[in-house]
């Protein structure tokens, strides 16, 4: 069965990883765009806290509230019939395992999502383990952590030296051991991302992390060439020449599946 057919589930994503079939992920925040991405064959739709920038017009993700994430998740869930839906737990919504569970439950119960995503490495393992014990699938996020932008000093490549690269690999293995079922790798060297993807049993989804990840994710507005300000290195405009938003999403899916995106020019 082609990955463009049938409902995408977590076991299916794990089978895609095992089979070496690339996973195409895009963000969305409402029903209309979600329906177009769904028809185009996008496997996973991420309701990202990137909405703080591309929807609300802010400079970071930090202003996004849990209520906003629940609202946008519910909109996306109403527009999707095939894609797997992941939602970000927003800034400071998971300081403890108990708080994370209560807030994640709202995204599952009210938002209709299939998985929640949180940022951070081994310090988050207790939280991941507790969520999984409550039957809430979890996606981890390593590398550039947008919710830690002030601590990191801005948006730039991470794990550029041997010590930090080894620490990130250990974080990835720790999250997998804690029960995470997917992992996003953002803005890290392509060589390191490939090493992590090969070391893990779970799918690794890259953004600015090279072509050797198990899949790719872009912010919808970036994929459509709508991003304001300086375009990040890892972004490509798929709308140019595509004729429609659905056509752009289909072109993105095809490029990811074929291993044509990202190219070296989009990687670190």
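How much length is gained if the chain between residue 105 and residue 195 is pulled fully straight, taking 0.36 nm per residue apart and subtracting their Cα-Cα distance, in nm to one decimal?
Separation in residues times 0.36 nm, less the Cα-Cα distance, equals 29.1 nm.
Which of the peptides 207-215, 54-62 is most tightly packed, and how do the rest follow, going by the mean number of other Cβ atoms within 10 Å of each residue?
207-215, 54-62
Computed over the Cα atoms of the range 122-230, what is the convex hull's projected area averaged over all directions, in nm²?
Over every viewing direction, the Cα hull of the range 122-230 projects on average to 7.5 nm².
As a check on your grasp of the helix formula, calculate [θ] at 222 nm for the chain: sum -39500 (n - 2.57) over DSSP H runs of n ≥ 4, divide by the residue count, round to the nearest 500.
Result for the chain, helices only: -12000 deg cm²/dmol.
How far is it, in nm, from the label point at residue 122 to the one at residue 67 when both lie 7 Å from their Cα along the line to the Cβ?
Output for this residue pair reads 3.9 nm.
Based on the mean of other Cβ atoms within 10 Å per residue, sort peptides 183-196, 26-39 so the most packed one is first.
Answer by packing, highest mean first, reads 183-196, 26-39.
Relative contact order for the range 1-88: what percent, with Cα pairs under 8 Å and sequence separation of 6 or more?
Relative contact order, the range 1-88: 37 percent.
Per 0.36 nm of contour for each residue apart, how much would the distance between residue 161 and residue 19 grow if the chain were fully extended, relative to their Cα-Cα spacing?
Computed gain between residue 161 and residue 19 is 48.0 nm.
Once the Cα atoms of the chain are picked out, what are the Rg and Dmax in Å?
Gyration radius and largest Cα-Cα distance of the chain: 16.7, 48 Å.
Based on the Cβ-Cβ distance of residue 82 and residue 254, what FRET efficiency does E = 1/(1 + (r/R0)^6) give at R0 = 22 Å, to the nearest 0.05?
E(calc), rounded to 0.05, equals 0.85.
For the range 10-266, what does the relative contact order come out to in percent, with C-alpha contacts under 8 Å and a separation of six or more?
Computed over the range 10-266, the figure is 19 percent.
Measuring from centroid to centroid over Cα atoms, what is the spacing of the range 216-234 and the range 35-57 in Å?
The range 216-234 and the range 35-57 have Cα centres spaced 12 Å from each other.
Can you give me the Cα centroid spacing of the range 130-189 and the range 67-89 in angstrom?
Cα centres, the range 130-189 to the range 67-89: 22 Å.
So how far apart, in nm, are the two label points at residue 242 and residue 132 if each is 7 Å from Cα heading toward Cβ?
3.4 nm
Using a/c under 1.5 as the rounded threshold, could you call the range 46-158 rounded, prolate or oblate? The axes a ≥ b ≥ c are square roots of the C-alpha gyration tensor eigenvalues, and prolate needs a/b larger than b/c, oblate otherwise.
oblate
Please report 69, 223 as a ranked list, fewest other C-beta atoms within 10 angstrom at the top and most at the bottom.
223, 69
Using R₀ = 25 Å, calculate the FRET efficiency as 1/(1 + (r/R₀)^6) where r is the Cβ-Cβ separation of residue 96 and residue 10; round to 0.05.
0.50
FYI, it's all coordinate maths here, none of it is from the lab. Everything numeric in this text was worked out from a predicted model, so none of it was measured. Cβ sites come from the backbone with ideal geometry, for glycine too, and all protein chains shown count toward neighbours.
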